[in-house]
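Starting off with a structure, shown below.
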Amino acid sequence: MSDYKENSLSLIGAIGLGTGVMISAGIFALLGQVAELAGMWFPLIFIAGGIVTGFSAYSYVKMSNEYPSAGGIGMFLVKAYGKGTLTASAAMLMAVSMVINQSLVARTFGTYTLQIFNVDQSSYLVPLLGVGLLLSAFLVNILGNSFIQTFTSIVSLLKIIGLVIFAMGGLWVAGFSITPAEGGTSTPDSTIASLIAAVALTILSFKGFTTITNSGSEIVKPKKNVGRAIIASILISLLVYLIIAWAVSSNLPLSDIIKAKDYSLAEAARPAFGEYGVWFTVAIAIIATISGIIASVFAVSRMLAMLTDMKLIPHKHFGMPGRIQKHTLVYTVVLAMVLAVVFDLSRIASVGAILYLVMDMIVHWGVLKHLREKVNAKAGIVWTALILDAIVLLAFMWMKATTDWLIVVVSIIFIVFIFVGEHFFLKYRQEEE
């Protein structure tokens, strides 16, 4: 059985978990990629991503109010579709996208840490450092909820303060002039499709709010505080993203932002603050990625444990002692380690965005089709969320199909493998019973 403790997470602790996941890879790893797709006005894309996420979060808030659960999205899908292939597959899509996000954060940790030593980002040390961070996150998660919420809350506050100092310093050097980044040399032209595709990456930077839904039954007064924590986390993250994006835009030409896309914040600190600024930015990145990994591993392991308890996914002990939660922690961290070693930052982010948007659309459709009256959701808002997701997903896949078709192929393989695997697993289990 899994070990869930009611009232073990406070409202502040839940907000700390949400922002801990969001303000990590979201701004450090994705800002340069967003700039590459959106061009000089890339800071505005974060507003668009926040708006899309706001509509999306509506469904999760409504379901959390009605069904607060440690299984979060897994439980929502069961309520909408029953214990069938669609539920199990969509829940696994969410879990895999969260694990992909962990590998993204882990590689970001390695990339930024090496900036202090002027080591090239292609070095084998990037995945090695990422693996070390994931192992540390596993050890911290074994310590339990009380330590995790205290740690992530304090660290989230520290990194937000640090990022605000960085952003305000950058804007001060630029004379508080909020202007688009200069083009520089060899900058790609943005199109409507690339602008919409950029929104997909910003959505990935906001998806950490689902961490809160996956800890629903553990939060104090969940029917009231889950929604509050989600809204607060999104608003805090959006504000931080905006001022940082404008600070980078004001201090670096667009060509340099794109060139240093995996460590653009550190690069933006050089002209503004010199090497000391780089060290300060790297320190914030290290703090942010550590808290992000811990919070994400915390959430996804509990979601997988809940799905295991509901007999929706296969589980094998492999001789390990302890409860299911500890086992899912191991599986989560090991898979994230493999992905961190195999894929680079850009590809990790792209696959994660596609899988998350597919899962998100399945959730919205479930609310519209089966739960709208039960959770008292307004159809217009849910339809808007579903349509926006579809537009962003199609634009993003079209862009990737024309620039890096392997991403689309890998994403489709992931999705097909999950659906087919779940179909046969559930069929086999039913035959056994």
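So which residues in the range 14-69 are more than 17 Å from the chain's Cα centre (by Cα), of a type in the set (Gly, Ala, Ser) and buried (at least 24 other Cβ atoms within 10 Å of the Cβ)?
Matches in the range 14-69: 35, 38, 59, 64, 69.
Can you tell me which residue among 15, 27, 45 is closer than 17 Å to residue 293 by Cβ and of a type in the set (Val, Ile, Thr)? Please lay out each step first, then the result.
Working: 15 fails: closer than 17 Å to residue 293 by Cβ; 45 fails: closer than 17 Å to residue 293 by Cβ.
Of the residues listed, the single one that is closer than 17 Å to residue 293 by Cβ and of a type in the set (Val, Ile, Thr) is 27.
Checking the conditions here, which among 383, 398 is within 20 Å of residue 48 (Cα to Cα), in contact (Cβ under 8 Å) with a residue 24 or more places away in the chain and surrounded by fewer than 21 Cβ atoms within 10 Å (Cβ to Cβ)?
398
Among the helices (runs of 4 or more DSSP H) contained in the range 14-129, which hold 1 or more residues that are at pLDDT 90 or above?
Qualifying helices (runs of 4 or more DSSP H): 31-38, 42-66, 73-81, 85-113.
I'd like the residue in the range 401-433 that is charged (D, E, K, R) and surrounded by fewer than 18 Cβ atoms within 10 Å (Cβ to Cβ) and, out of all such residues, is modelled with the lowest pLDDT.
433
Which pairs turn up if I take residues in the range 264-278 that are β-branched (Val, Ile, Thr) and look for partners that are modelled with pLDDT under 85 and in a helix (DSSP H, G or I) with beta carbon separation below 8 Å, at least 6 apart in sequence or on another chain?
Taking only residues 6 or more apart or on different chains, the pairs are 278/115; 278/116; 278/266; 278/269; 278/270.
Residues 158, 195, 171: which one is within 20 Å of residue 266 (Cα to Cα), at pLDDT 80 or above, buried (at least 17 other Cβ atoms within 10 Å of the Cβ) and not small (Gly, Ala, Ser)? Reasoning before the result, please.
Working: 158 fails: buried (at least 17 other Cβ atoms within 10 Å of the Cβ); 195 fails: within 20 Å of residue 266 (Cα to Cα).
That would be 171, the only listed residue that is within 20 Å of residue 266 (Cα to Cα), at pLDDT 80 or above, buried (at least 17 other Cβ atoms within 10 Å of the Cβ) and not small (Gly, Ala, Ser).
Looking at 184, 208, can you tell me which residue is farther than 14 Å from residue 245 by Cβ, modelled with pLDDT under 70 and not β-branched (Val, Ile, Thr)?
Details: 208 fails: modelled with pLDDT under 70.
Among 184, 208, only 184 is farther than 14 Å from residue 245 by Cβ, modelled with pLDDT under 70 and not β-branched (Val, Ile, Thr).
Within the range 337-344, identify whether any single residue is in contact with a Pro (Cβ under 9 Å, 6 or more places away or on another chain) and over 30 Å from residue 129 (Cβ atoms), and answer yes or no.
The answer is no; no qualifying residue exists.
Of all residues in the range 340-381, how many are β-branched (Val, Ile, Thr) and in contact with a Ser or Thr (Cβ under 7 Å, 6 or more places away or on another chain)?
Looking only at that region, the number is 5.
Can you name the number of the only condition in (1) surrounded by 17 or more Cβ atoms within 10 Å (Cβ to Cβ); (2) in a helix (DSSP H, G or I); (3) in contact (Cβ under 8 Å) with a residue 60 or more places away in the chain that residue 377 fails?
(2)
To keep it simple, each residue is scored yes or no on (1) within 29 Å of residue 65 (Cβ to Cβ); (2) part of a helix (DSSP H, G or I); (3) aromatic (Phe, Trp, Tyr).
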residue: 336; (1), (2), (3): no, yes, no
residue: 341; (1), (2), (3): no, yes, no
residue: 352; (1), (2), (3): yes, yes, no
residue: 360; (1), (2), (3): yes, yes, no
residue: 368; (1), (2), (3): yes, yes, no
residue: 383; (1), (2), (3): yes, yes, yes
residue: 408; (1), (2), (3): no, yes, no
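The values are calculated or read from the model by the stated rules, or taken from the named source; none is laboratory data. The shown structure was predicted, so the numbers you read here are calculated from the model rather than taken from an experiment. Cβ atoms come from the backbone with ideal geometry, glycine included; neighbour counts cover every protein chain shown.
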